[in-house]
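The values are calculated or read from the model by the stated rules, or taken from the named source; none is laboratory data. All values derive from a computational prediction rather than experimental measurement. Backbone-built Cβ (ideal geometry, glycine too); neighbour counts: all protein chains shown.
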Amino acid sequence: MEDRLRVGVVRMGLGCAAVVAGAGWAQAQPVALPPAPTGVEVTREYGIEFSTIRTAGIVPYIAPEAVPAWPVNDRGVPAGGDYRIARTEITTGQWMDFVNSFSTQSAELANFAWPIYWSAVPDLAYSGPGRRWRLNDSIPNAADASVYGMTWREAAMYCNWLHNGRGTSMSSITAGAYDTSTFGAGGPGLNEGFTDQLRRSPGARFWIPDLDEWVAGAFYDPSISRWRFSHYGSDVQPISGLPGDPGAMTNAWVQNPNVTIESLSELPVWAYGAQSPWGLLGTSGVEGEWLEDTNGTSTISGLPGARLLITSAPWADEGGDSILRAGRSADWPQLRGVVSFRIAASIPNPTTGACVLLFGLVAHSRRRLS
């Protein structure tokens with residue numbers, strides 16, 4: 001089955017990711033993504049490709065039918081106005097750069113932000129301190145492969161890291177978008193809620209998108225000024241299958257006993273090519289994506305109970321993969337599941353955008369020289 005998955009990816013003819021030397025490990029350079037739809041503004045920062053979402057004209061989504069338990073009904077208008085959102089989920093190469101920046105600092109940090117599934121392996125040529133990761137040579141396009149299993153709090157630290165120019169000091173991950181000093185629990189039990197900062201800090205440059213930002217990027221179609229009922233600019237469920245299968249658009253609901261979560265995680269984030277009207281890829285898939293929203297309240301502490309996930313997992317009593325079924329799962333922010341995330345970002349001021357890019361390049365160069 002793994003061979004079949006890899007053949008399907010190679011058959012797309014998009015090539016492998018290039019790798020350049022940097023900071024003592026192989027830093028991954030992603031392949032070019034499929035062009036976004038005409039009129040969508042695309043920018044790249046820190047190797048992440050973003051679509052700019054212009055929110056003028058977006059109205060709340062009003063469900064045309066009875067709404068399930070976790071509706072998107074009357075949601076979808078981003079409160080902060082225009083923003084950017086990554087066209088794909090975070091990749092193995094991007095997450096590996098983050099992990100290696102800290103896992104190589106000490107033995108205590110050797111397991112820093114280690115996800116459940118990704119396409120990196122320990123670098124046996126590295127003798128310490130801590131642990132260094134490298135791309136798995138046996139997986140084609142490993143740099144672009146998916147990452148499943150970071151906690152919400154690790155995703156928040158990644159946002160801080162980008163906000164602070166990808167520094168290597170611990171202060172670069174403890175504040176900026178989210179204050180990690182607030183991360184805690186209402187009690188010893190998982191059902192006692194959490195104290196984590198609920199929303200991004202004012203002035204955050206990168207953050208975990210909330211439900212409104214995510215569904216606007218995935219389901220709103222500016223070309224016809226209305227909401228789509230399903231993914232990829234359509235009102236019908238996307239075709240399930242493996243890359244290379246006729247018409248396949250998503251790995252959700254793949255009916256094959258030989259397909260595992262681990263093998264699906266080896267697929268590059270661009271494997272299917274289908275995209276939303278705003279150019280977002282992979283919004284339908286077997287994994288969930290972290291959102292900033294909270295879900296439920298602890299009856300013991302009165303604190304928020306969990307963080308919301310957006311997911312395409314099927315439900316026997318509903319079926320379908322539509323906006324009506326979006327955001328139906330949740331998990332505790334300190335736990336790992338089959339979850340990834342795509343990052344959201346502010347729109348740089350035209351007069352400072354070049355400075356932001358230069359800062360990133362200078363910071364990157366300093367790390368390579370250190």
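Within segment 320-336, count every residue that is in contact with a helix residue (DSSP H, G or I) (Cβ under 9 Å, 6 or more places away or on another chain) and either closer than 22 Å to Trp253 by Cβ or modelled with pLDDT under 55 (or both).
Within segment 320-336, residues that are in contact with a helix residue (DSSP H, G or I) (Cβ under 9 Å, 6 or more places away or on another chain) and either closer than 22 Å to Trp253 by Cβ or modelled with pLDDT under 55 (or both) number 5.
For segment 181-196, how many residues are of a type outside the set (Gly, Ala, Ser), surrounded by 17 or more Cβ atoms within 10 Å (Cβ to Cβ) and in a loop (DSSP other than H, G, I, E, B)?
Final tally of qualifying residues: 2.
Could you list, in sequence order, the residues of segment 156-180 that are crowded, with 20+ Cβ neighbours inside 10 Å, aliphatic (A, V, I, L, M) and out of contact with any Pro (no Cβ under 9 Å at 6 or more places or on another chain)?
Met157, Leu162, Ile173, Ala177
Could you list all residues from segment 269-289 that are modelled with pLDDT under 95 and outside any loop (DSSP other than H, G, I, E, B)?
Gly288, Glu289
Answer yes if at least one residue in segment 207-219 is over 18 Å from the mean Cα position of the chain (by Cα) and in contact (Cβ under 8 Å) with a residue 12 or more places away in the chain, and no otherwise.
Checking segment 207-219: not a single residue is over 18 Å from the mean Cα position of the chain (by Cα) and in contact (Cβ under 8 Å) with a residue 12 or more places away in the chain.
If Met170 passes every condition in (1) modelled with pLDDT of 95 or more; (2) under 20 Å from the mean Cα position of the chain (by Cα); (3) aliphatic (A, V, I, L, M) but one, which one does it miss?
That leaves (2) as the condition not met.
Of all residues in segment 251-290, how many are without any contact (Cβ under 8 Å) to a residue 40 or more places away in the chain and touching a Gly at 6+ places or on another chain (Cβ under 8 Å)?
3
Specify the residue that is surrounded by the most Cβ atoms within 10 Å (Cβ to Cβ); the eligible residues are those in segment 254-281 that are among the hydroxyl-bearing types (Ser, Thr, Tyr) and in contact with a helix residue (DSSP H, G or I) (Cβ under 8 Å, 6 or more places away or on another chain).
Result: Ser276.
Based on this model, can you work out whether Thr52 counts as surrounded by fewer than 17 Cβ atoms within 10 Å (Cβ to Cβ) and either in a loop (DSSP other than H, G, I, E, B) or modelled with pLDDT of 50 or more (or both)?
Here the answer is no, as Thr52 does not meet what is asked.
How many residues, within segment 337-370, are modelled with pLDDT of 50 or more, among the aliphatic types (A, V, I, L, M) and over 23 Å from Arg54 (Cβ atoms)?
Number satisfying all stated conditions: 2.
Could you list all residues from segment 30-49 that are of a type outside the set (A, V, I, L, M, F, W, C), outside any loop (DSSP other than H, G, I, E, B) and under 16 Å from Gly273 (Cβ atoms)?
If the condition is that a residue be of a type outside the set (A, V, I, L, M, F, W, C), outside any loop (DSSP other than H, G, I, E, B) and under 16 Å from Gly273 (Cβ atoms), then Glu49 is the only one that fits.
Here is a check on your reading of the model: is Ala248 outside any loop (DSSP other than H, G, I, E, B), among the hydrophobic types (A, V, I, L, M, F, W, C) and either surrounded by 15 or more Cβ atoms within 10 Å (Cβ to Cβ) or without any contact (Cβ under 8 Å) to a residue 12 or more places away in the chain (or both)?
no
Would a scan of segment 98-118 turn up a residue that is crowded, with 22+ Cβ neighbours inside 10 Å, over 22 Å from Phe341 (Cβ atoms), in contact (Cβ under 8 Å) with a residue 24 or more places away in the chain and touching a Lys or Arg at 6+ places or on another chain (Cβ under 8 Å)?
The answer is yes, given that some residue of segment 98-118 is crowded, with 22+ Cβ neighbours inside 10 Å, over 22 Å from Phe341 (Cβ atoms), in contact (Cβ under 8 Å) with a residue 24 or more places away in the chain and touching a Lys or Arg at 6+ places or on another chain (Cβ under 8 Å).
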